[in-house]
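Written out below as C-alpha cells is the structure these notes cover.
The values are calculated or read from the model by the stated rules, or taken from the named source; none is laboratory data. Everything numeric here is computed off the predicted structure, so don't read it as measured data. Cβ atoms come from the backbone with ideal geometry, glycine included; neighbour counts cover every protein chain shown. Remember, those area values only see protein heavy atoms, side chains included, never the ligands or the DNA or RNA. Shrake-Rupley method; radii C 1.70, N 1.55, O 1.52, S 1.80 Å.
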Amino acid sequence: MRKVDVIQAILSDNNAVAEENRKALDAAGVFGINVMASPGAGKTSLILATAARLPDETKLCVVEGDLASSIDAELIAEQGIPVVQINTGGGCHLDAAMIRSALPRLPLDEIQLLMVENVGNLVCPANFLLGTHLNVVVASTPEGHDKPFKYPGMFNAARIVLINKFDLSEVFDFDLEYFSNGVRMLNPDVPIIPISCRTGAGMDAWVAWLLKNS
Ligand code: MG
Ligand code: ZN
C-alpha cells in the first residue's frame, strides 16, 4: 500500500516537470519526439537515418539517454547535430527532470525538432512522460514478433510503431501479421511502418509521416 503511494507521488511529480518541458518546447517552436525501444533495435540508427532525410528547413537536435558512455552522442555529433548525452548511472529510463536539465544546453531557438533517445528498455520508459509531443516505438525483426504481447504498455503508449531491420525479416521468420495483430489489440489506429535504417527502405514513408504530424 505505502509502496504504491510513493510510486504515484513520483509519477505525478514527473508529470508536472514534463508539463514544464512541454511549455519550454512549445515556446521555442520545437516539436519533441521520445524514441523508445529495446537495446539494439536501432534507435540511434533511426535518428541518423531520419536526420539524413529531413528537409533543410527542419533543424534537429538530440538528447541521448544511456546508462553509461557517450558512444551514441559521438555518432550524432559527428554528423554536426547538436546533442546532449544523459548518463543515467544505471537508471533504466529517462525522466522529465533529466530532460529539463538538458534543455538549456540545446539551441532550442535554432531548431524545429528534438529527438530524445530513451534508455533501451521496453518496460518503464513508457511510464515516464518527458514533455515531448510524440512517442515513437522502434521494434526490430531479430527481437521477434511477440513483443507487443509481452510488453503491452510500450506498444499502448506508441503514436507510431516502426519495425526496423525489416530487410532481415525472412532470416528471423518475422511474422508481420502476428506482430501487427498484437499492436492493434492495444492500439487500434497506430501506424505501423516496416523500415530498414541500413537500406533506407520505408524511411521516406516514416519521414513523410513525421513531417505531417509534427
Ligand atoms: Mg542508441
Ligand atoms: Zn526504468
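Being hydrophobic (A, V, I, L, M, F, W, C) and within 16 Å of ligand 2 (Cβ to nearest atom) narrows it down to one of Ala41, Ala68, Ala52, so name that one.
Working: Ala41 fails: within 16 Å of ligand 2 (Cβ to nearest atom); Ala52 fails: within 16 Å of ligand 2 (Cβ to nearest atom).
Only one candidate passes the filter, namely Ala68.
Quick one: count up the residues across the range 76-94 that are open to solvent by 40 Å² or more (accessible area, probe 1.4 Å) and either in contact with a His (Cβ under 7 Å, 6 or more places away or on another chain) or within 16 Å of ligand 2 (Cβ to nearest atom) (or both).
Result for the range 76-94: 4.
Would you check which residues across the range 125-151 are in a loop (DSSP other than H, G, I, E, B) and touching a residue at least 40 places away in the same chain (Cβ under 8 Å) and list them?
So the first thing to find is which residues in the range 125-151 are in a loop (DSSP other than H, G, I, E, B), and the list is 128-133, 144-146, 151.
Within the range 125-151, Phe128, Leu129, Leu130, Gly131, Thr132, His133 qualify.
Residue by residue through the range 60-97, note down the ones that are of a type outside the set (Val, Ile, Thr), in contact with a strand residue (DSSP E or B) (Cβ under 7 Å, 6 or more places away or on another chain) and over 29 Å from Ile7 (Cα atoms).
Leu60, Cys61, Ser70, Asp72, Ala73, Ala77, Pro82
Kindly indicate whether Leu122 is open to solvent by less than 70 Å² (accessible area, probe 1.4 Å), hydrophobic (A, V, I, L, M, F, W, C), under 24 Å from Ile163 (Cβ atoms) and assigned to a helix (DSSP H, G or I).
Working: open to solvent by less than 70 Å² (accessible area, probe 1.4 Å): yes; hydrophobic (A, V, I, L, M, F, W, C): yes; under 24 Å from Ile163 (Cβ atoms): yes; assigned to a helix (DSSP H, G or I): no.
Criteria not met by Leu122.
Would you be able to say whether some residue in the range 33-56 is within 16 Å of ligand 1 (Cβ to nearest atom), open to solvent by less than 20 Å² (accessible area, probe 1.4 Å) and out of contact with any strand residue (DSSP E or B) (no Cβ under 9 Å at 6 or more places or on another chain)?
Yes; the residues of the range 33-56 include at least one that is within 16 Å of ligand 1 (Cβ to nearest atom), open to solvent by less than 20 Å² (accessible area, probe 1.4 Å) and out of contact with any strand residue (DSSP E or B) (no Cβ under 9 Å at 6 or more places or on another chain).
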